[in-house]
1. Give me a count of the residues in region A:230-254 that are part of a strand (DSSP E or B) and either loosely packed, with under 15 Cβ neighbours inside 10 Å or within 11 Å of the chain's Cα centre (by Cα) (or both).
2. May I ask you to list pairs of residues, at least six apart or on different chains, whose Cβ atoms are under 8 Å apart, with the first in region B:95-121 being in contact (Cβ under 8 Å) with a residue 24 or more places away in the chain and over 24 Å from B:Gly153 (Cβ atoms) and the second being of a type in the set (Lys, Arg) and assigned to a strand (DSSP E or B)?
3. Based on this model, can you work out whether B:Gly186 counts as within 19 Å of B:Val84 (Cα to Cα) and in contact with a Leu (Cβ under 6 Å, 6 or more places away or on another chain)?
4. Of the numbered conditions (1) more than 22 Å from B:Asp205 (Cα to Cα); (2) outside any loop (DSSP other than H, G, I, E, B); (3) away from chain A (no Cβ under 11 Å), B:Gly330 satisfies every one except a single condition; which is it?
5. Give just the number: which of (1) out of contact with any Phe, Trp or Tyr (no Cβ under 6 Å at 6 or more places or on another chain); (2) at pLDDT below 95 does A:Val37 not satisfy?
6. Pick from A:Pro164, A:Pro150: which is in contact with a Pro (Cβ under 9 Å, 6 or more places away or on another chain) and farther than 14 Å from A:Gly121 by Cβ?
7. Answer with yes or no whether B:Glu305 is among the charged types (D, E, K, R), more than 30 Å from A:Ile80 (Cα to Cα) and in contact (Cβ under 8 Å) with a residue 12 or more places away in the chain.
8. Among the strands (runs of 3 or more DSSP E) contained in region A:304-406, which hold 1 or more residues that are polar (S, T, N, Q) and not assigned by TED's automatic domain parsing to the domain that holds A:Asp268?
Amino acid sequence: MTLALALSLLLGQEADKVQDLQAQLHAVVEKVSPAYVFFGNGSGVCISSDGYALTNFHVSGDRQGQRVRMPGGRQFLADIVGFDPLGDISLCKLRDAKDLPFCELGDSDALEMGQHVIAVGNPFLLGNGSWEPTITFGIVSALHRYMDNPGYFDAIQTDAQINPGNSGGPLITMDGKVVGINGRIDIKRFTNRVNTGIGYAIPSRQIQRYMEAFKRGGRVFEGFIEGIQIGECGDGRYDNVGEYGDGVFVSRVDAELPGGKAGFEPGDIIFEVEGYRISNANRFHGVVSNWPEGSTVHVKVRRKAEEKELKVFLGDPAKILERKRAMDATDLGFTVNAKMVVGPVAPGSAGAKAGLKPGDVLFRVNERRVGSWTEFRALLRPGAEMTLTVTRDGKDVELPLKVPRPKTDE
Amino acid sequence: MSLLLACLLAATGDDPFAATLAKLRQTAGKSVVAIEVERDSDPEGVTGSGAVAQHRDYYNRPKGPTSGLIYEAGGFILTSRFNVSGGIRKNGLKVTLWDGRQVVGELLGTDEQRDIALVRIAETELPVLPRADYGKLRQGTLVALLGRSPNPGQVTVNLGILSALNRMTKASVQTDAEMNYGNAGGPLITMSGELIGVACNIKPDRVWGQSGGVGFACKTAEIDGLLERLKKGERIEAPKQPFLGIRPGEGNPDVEGIQIVDVLKDSPAEKAGIKKEDVLVELAGVKLTDFESLKEAMEPHKIGEEVTLKVMRKGKDGWQEKAFTIKLEGMAEP
């Protein structure tokens, strides 16, 4: 009798906890599932009611007007606004969207190992047709994972099962916030693309820091401290470089570049960036690349017995300007796909002024045949007037294109 | 009994699931059986082609028992069709019950598409699971998957949630409870021990593999609708759909279309000359953007028909368009 009582008490207590978790799971699924986006053969998540959505760059590429769906099958055309190929994130905008269900970005810095998370996705495209996404449940397995190519330099590791088709979909905490974008898995065998309980997500804090740059549009580059060379603390080939784990040490400084201008000196040991403890070179790279190029970050260094805080600009302003001019010079307001078909043409752009229309097939520039975008771009000279020949409705049409000049320095 | 309590106490700690799952093993576990099959031939137990063929130890049918479920008290056992496929020897299908008794089973009907099979044993008054109320099931509902493999004397339990309610033309639910070959045929149940469905469609030709967080259970309503036909021994074949034999990737940054990550061996795509890493851009004049657009483009075409497929292939001079004629063949899809 005592035995039965003890057993039932035990089961009663446990059952309450199971029911609590069950209630949480149902609530979070109900909240986030409608904000999921079926993005091509991958996934995405809507983050604002007017249709901003996140996905992986390896899912979206940078093409405009891709067909996407939301649960239930409602269709939209998605345009890529800003994208980061190295960090594998794209921000897109669903055309003519309003009052969409969406999920806010959460704080990935507040994550703890072992905490429950869910992933929403479309593994093996199982939801195609019924347009019901897949929900998987797991925990945060680890934080700050570092992997190269593409750059998952500060990834969240989860055992919530993610598979091919999940990429670009959200990793979500039990309060219904997006804390990461799932995009990478460790697979069972080299060619067998099935999850092993190891999946990686780009953290939401990194995405938030890139958001302004994404919204400005175009390609966004990772932050990087130009002009310093670093080494791993404790490297036996050097003297006075601390113990492994202390941080990274500065071995060389170029005075002309932002690293030099910020005041770094050879021998400095970098141990903190924007409040994040730096333990080794991977972590240093992981933290710095949490900000896009053009940001300014605070770096703490140990110099002999002193601690100093330095403010450093990420990227090289000269290179950024040079790149901007090059891009402006060829910013024609349109692109073509691999088959030379013209995509959307930006109103007021050089392409629009020339009279280009989406669907035109570009094949000749000034009597010279062109077969690729690269080949076409190589012929452009700032300020030049050129004749484009396109096929439109089966006829050849000649259009006068004036290539813009770079804008004057800001 | 005191031993049981001691085990429970030892197992629980702070884990809220330990006691609940232990109880499910004790109660619902009685309706779970082990199924062993002696075969003369086993064509379906061997993996087919493409990349998976390189991993036969992972994909081929392993030795040992699989799982099944007492579906009706009068001796009707349900399992996955794959578990009982192949050339079964005379008296070669054996069912082990919760009390350790092993009895000979007779294979009645099967359904290829839903991957279920009905087996009869000469027993009565067997324990049957109560049914789950489908009106209460939602995405995120906690579930347990029970099995009796590899040791028929021991019930296994895997925990997960319902990932989706309607998969495989609404015949199945999807779960992230890890599902291996040994689990197929076992019941997927709620935390109160009510039956949701029978684990199915974990077999060599399925891209989701084993224990990848993607598993399926054929719904009880679906099984009930087929039960009379299965009892009569009907072998229900899956309708065949025209297919190409490619596996799509998630995208390609350079070219809009369907990136191919694998071409199945002996498939229509391979015979036509399509290669891994090609990007499908057009089928019979219809532009392809994602896998869904391919499905739409395939719809008007029939098995045996020849269609033109355009792909972009990357060579030394960048992406080149190539056209292929492909003769559509039929395949049974889940």
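The values are calculated or read from the model by the stated rules, or taken from the named source; none is laboratory data. Just so we're clear, the structure is a prediction, and the values are computed from it rather than from any experiment. Because the Cβ atoms are built from the backbone with ideal geometry, glycine has one as well, and the counts that use them run over all protein chains shown.
1. Within region A:230-254, the subset part of a strand (DSSP E or B) is A:230-232, A:248-253.
Subsequent filtering for residues that are either loosely packed, with under 15 Cβ neighbours inside 10 Å or within 11 Å of the chain's Cα centre (by Cα) (or both) retains A:252.
Total satisfying the criteria: 1.
2. B:Leu108/B:Arg120; B:Gly109/B:Arg235; B:Thr110/B:Arg235; B:Glu112/B:Arg235
3. Values: within 19 Å of B:Val84 (Cα to Cα): yes; in contact with a Leu (Cβ under 6 Å, 6 or more places away or on another chain): yes.
Yes.
4. (1)
5. Among (1) out of contact with any Phe, Trp or Tyr (no Cβ under 6 Å at 6 or more places or on another chain); (2) at pLDDT below 95, A:Val37 violates only (2).
6. Details: A:Pro164 fails: farther than 14 Å from A:Gly121 by Cβ.
Checking each option against the conditions leaves just A:Pro150.
7. Details: among the charged types (D, E, K, R): yes; more than 30 Å from A:Ile80 (Cα to Cα): yes; in contact (Cβ under 8 Å) with a residue 12 or more places away in the chain: yes.
For B:Glu305, the condition - among the charged types (D, E, K, R), more than 30 Å from A:Ile80 (Cα to Cα) and in contact (Cβ under 8 Å) with a residue 12 or more places away in the chain - is met.
8. Working: elements: A:306-313, A:361-365, A:385-392, A:395-402.
Because the criterion is at least 1 residues that are polar (S, T, N, Q) and not assigned by TED's automatic domain parsing to the domain that holds A:Asp268, the strands (runs of 3 or more DSSP E) in region A:304-406 that meet it are A:385-392.
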